[in-house]
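The values are calculated or read from the model by the stated rules, or taken from the named source; none is laboratory data. None of these values were measured; they are calculated from a predicted model. Cβ placement follows ideal geometry from the backbone for every residue including glycine, while neighbour counts extend to all protein chains displayed.
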Amino acid sequence: MLDNINLIKRIDCSDMLGVVENFPNQINEAASLAEDVNLDSSDFSNIIIGGMGGSGISGDITEIYFKDKSRIPVYVNKDYNLPSWVDKKTLVFVISYSGNTEESLGMLKHALNKKATIIGISSDGVLERLCYKNNLYHVKVPRGFQPRAALAYLLFPTLYILGEIFEVDLSHEIKDVIESTSVLKEKNKREIPSSENQAKQIASRLYNRIPQLYGWGIFSPVAKRWRTQLNENSKVIAREDILPECNHNDIVGWSYDKETARRFACVLFRDKGLEDISIGGRLDFLKNMFLEVAGDVIEI
């Protein structure tokens, strides 16, 4: 089925696959979107990135990326209101692809009341209008996408702005991202047969199973992104958990409900170059446990 191009086109009527294949180009286009934003880190004591769903995942990625690079705390907020400690020394990113997400608009109004510095990111909508009305920074991204399909447009302006604030040179890493995603695109195009296509092979193994995804460190938002993409694009139940926390609770249920466990395909995100001895050991432990109880175990 996965090698039937016409069937893929009929099922993927919104061409989500085409949008994914265009991801490297989106990164290039996103580079210039935030050029007018000019801020100094000395003006802020903390930073909040607010957004929901497909718009909010950019905050999750940004938070973990700058965890070891920023001089001040970066937090993600996914609620109508902001924390009580927000004040005029807080920089608040309000991200909503449509510009009409009610939680994001609630954050914007709360940030205005707190006299925080605000950067709005949207394609249009009430968010854009409120930013202009209140003389706030606004980054306008291209229209015509599903929020989940606009990740590069929402993520990379945020990264560029914080890179400037924290004086972190992102150019080499972003170049690597463009090159690596371009290579992945070519290796996993719809025209590449399943026998040579890792994406199709993973999809086949997940089919008719419940995906359970395990992230850690920099892969924590990756697991969340996979889960939400499976939820929204594939219309399936999927779950995600994070190491090492999940080793203190999640593992218990697998041993006591083996019938249910067989319905799951457990996905472990691995990188031997980044795993320290503790995380590597815990991932190996999970792998060996799941090989005994789960329907399938996939290492990526």
Check on ASN233, free of Cβ contacts under 8 Å to residues at least 12 places away in the same chain and either surrounded by fewer than 16 Cβ atoms within 10 Å (Cβ to Cβ) or within 27 Å of ASP12 (Cα to Cα) (or both)
no
Quick one: is VAL139 crowded, with 23+ Cβ neighbours inside 10 Å, of a type in the set (Val, Ile, Thr) and touching a residue at least 24 places away in the same chain (Cβ under 8 Å)?
yes
Kindly indicate which of LEU108, LEU136 is in contact with a Cys (Cβ under 9 Å, 6 or more places away or on another chain) and in the same structural domain as ASP60 (by TED's automatic domain parsing).
LEU108
Which of the residues spanning region 240-278 are touching a Pro at 6+ places or on another chain (Cβ under 7 Å) and β-branched (Val, Ile, Thr)?
VAL267
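With at pLDDT below 95 and either part of a strand (DSSP E or B) or among the polar types (S, T, N, Q) (or both) as the only criterion, which of SER255, SER220, SER278, SER204 stands out?
After ruling out the rest, the residue left standing is SER255.
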State which residue is surrounded by the most Cβ atoms within 10 Å (Cβ to Cβ) when the search covers only region 173-196 and only residues that are outside any helix (DSSP H, G or I) and without any contact (Cβ under 8 Å) to a residue 24 or more places away in the chain.
ASN188
Return the residues of region 67-110 that are crowded, with 19+ Cβ neighbours inside 10 Å, part of a loop (DSSP other than H, G, I, E, B) and β-branched (Val, Ile, Thr); say none if nothing qualifies.
VAL86, THR101
Could you say whether any residue in region 149-172 is exposed (fewer than 14 other Cβ atoms within 10 Å of the Cβ) and assigned to a helix (DSSP H, G or I)?
yes
So ASN81 clears everything in (1) closer than 17 Å to ARG148 by Cβ; (2) over 14 Å from the mean Cα position of the chain (by Cα) except one condition, right? Which one?
(1)
Tally, over region 242-262, of residues that are surrounded by 15 or more Cβ atoms within 10 Å (Cβ to Cβ) and over 14 Å from ILE279 (Cα atoms):
4
In region 21-45, what residues are in a helix (DSSP H, G or I), touching a residue at least 60 places away in the same chain (Cβ under 8 Å) and either buried (at least 17 other Cβ atoms within 10 Å of the Cβ) or among the polar types (S, T, N, Q) (or both)?
GLU21, PHE23, PRO24, GLN26, ILE27, ASN28, ALA30, SER41
Within the group SER122, SER171, SER96, which residue is closer than 21 Å to ILE27 by Cβ, in contact with a His (Cβ under 8 Å, 6 or more places away or on another chain) and of a type in the set (S, T, N, Q)?
SER122
